[in-house]
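**Q** Encoded as structure tokens, here's the structure I'll be asking about.
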Amino acid sequence: MSDKTQGKTDTDRSDHELVAELMAKAKAEGIDMVGENGLLARLTKTTLESVLEAEMDEHLGYAKHERSQAPSGNARNGRRPKTLTTEAGPVEVEVPRDRDGSFTPAIVKKRQRRLTGVNGIVLSLSAKGLTHGEICAHLAEVYGAEVSKQTVSAITDAAMEHMAEWQNRPLDPVYPVLFVDAINVKIRDGQVANRPIYVVLGVTAEGERDILGLWAGDGGEGAKYWAHVFTELKNRGVQDVLMLVADGLKGMGEAVESVWPRTVVQTCIVHLLRNSFRYASRADWEKVARDLRPVYTAATEEAALERFAEFCEAWGPKYPGIVRLWENAWAEMVPFLEFDVEIRRVICTTNAIESINARIRRAVKARGHFPSEQAALKCVYLALMSLDPKGTGRAKWSARWKKALNAFDLAFDGRLTATHR
């Protein structure tokens, strides 16, 4: 065994022995692990006070009980108690003071009453849709921390400053694919009504996922408002989009063309199937889906036309509405057929953004309705920021898109890499 490995093993062993000794002592004295005066709270207090003393030593230029050599003559001037809200429960620490009041600690700043971990807990609970009252109750029950609704509101409101920066940040000049969708949330504006929240998910030229922004609209989802969203994205730097995948909203093609004339609009196949079922009896859903599958999985557009003709012959007399639906959506349904099967899977549906919307819906559903548009946007933003905290989903996403990006650059005559030359 190498000296380095031996040293690491000895350190791990001593750490475990120290933890075991502390837990045994706490158990013998009847001390709980968490809560006020619990073991974790005591360790937190000891650690914070040790760091504060070290910061004071550095500030004054000499250690405690040593004579000051500083020409200013500044020195320690006792301590003042401060109660902090922490994940381990409320912790009272003794903050050292100096005579001229110039000491500014970094680990526990002046007027700070919460460790940053508590802010993270509040934001995480808010992202899951808990109300301010429910968050206060949770902190009191689990951590023994008394936090007011006003404090919770202040913590979440601080996130809105980051949201404003995020919403207006510059974007990449070209995106291979944009996935767009809108979800309805209930907002009280005189009376409670459904309002659409528009979400745009972009795939970068490096294959990474990037949520480009959030917008709150009026009334129902409309192509006119989407045109406004696309114009804002262009103003933030998006000069070209190769493909845009949407749910088949009427007028979407014209809205996209008004901003990015060369962009290919792809209708989400899943949405197209769902809309087809609206015209069919539930008993026929499985059969209709089975007979439509050869259409959107065909090798070429010509083959897809042949399979669609067969579908029309079988189901047209009974469900003419389905036939009209696919005929009207045909031009925006077939673009993905130019790619191989693996690439079709990543661009033929809005599943990429649907998974994000599912997370948003859980947070929104937990709240019921929102008192204002700003409150709704804050909840949705926090839900988005809590996605994939470990980054594992991002890594899988990038790996899945590598092959597709090469094909995109060939299919679109180098437009994807033109900006990097």
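The values are calculated or read from the model by the stated rules, or taken from the named source; none is laboratory data. This structure is a prediction, so every number in the text was calculated from the model and none was measured. Virtual Cβ from ideal backbone geometry, glycine too; neighbours counted across all protein chains shown. Calculation scope for accessible area: heavy atoms of the full protein, side chains included, ligands and nucleic acids excluded. Shrake-Rupley method; radii C 1.70, N 1.55, O 1.52, S 1.80 Å.
**Q** Checking Val295 against (1) open to solvent by less than 50 Å² (accessible area, probe 1.4 Å); (2) closer than 30 Å to Asp172 by Cα; (3) part of a helix (DSSP H, G or I), which single condition isn't satisfied?
**A** That leaves (2) as the condition not met.
**Q** When only residues in the range 219-255 that are basic (Lys, Arg) and outside any loop (DSSP other than H, G, I, E, B) count, which is most open to solvent (accessible area, probe 1.4 Å)?
**A** The qualifying residue most open to solvent (accessible area, probe 1.4 Å) is Lys224.
**Q** Now for a separate question. Can you tell me how many residues in the range 160-218 are β-branched (Val, Ile, Thr), open to solvent by 10 Å² or more (accessible area, probe 1.4 Å) and within 15 Å of the chain's Cα centre (by Cα)?
**A** Number of matching residues: 1.
**Q** OK, next. Which count do you get for residues in the range 256-292 that are aromatic (Phe, Trp, Tyr) and not in a helix (DSSP H, G or I)?
**A** 2
**Q** Next question, about the same structure. Give the range 207-263 a look and list any residue that's under 22 Å from Tyr381 (Cβ atoms), at pLDDT 90 or above and of a type in the set (Asp, Glu), or say none.
**A** Glu232
To keep it simple, each residue is scored yes or no on (1) in contact (Cβ under 8 Å) with a residue 12 or more places away in the chain; (2) closer than 30 Å to Trp166 by Cα; (3) in contact with a Ser or Thr (Cβ under 9 Å, 6 or more places away or on another chain).
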{"position": "Pro317", "(1), (2), (3)": "no, no, no"}
{"position": "Glu327", "(1), (2), (3)": "no, no, no"}
{"position": "Glu332", "(1), (2), (3)": "yes, no, yes"}
{"position": "Glu373", "(1), (2), (3)": "yes, yes, no"}
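**Q** Of all residues in the range 71-93, how many are at pLDDT 80 or above, in a strand (DSSP E or B) and surrounded by 13 or more Cβ atoms within 10 Å (Cβ to Cβ)?
**A** Within the range 71-93, residues that are at pLDDT 80 or above, in a strand (DSSP E or B) and surrounded by 13 or more Cβ atoms within 10 Å (Cβ to Cβ) number 3.
**Q** Check Pro261 against each of (1) surrounded by fewer than 19 Cβ atoms within 10 Å (Cβ to Cβ); (2) touching a residue at least 12 places away in the same chain (Cβ under 8 Å) and name the one condition it does not meet.
**A** So Pro261 meets the others, but not (2).
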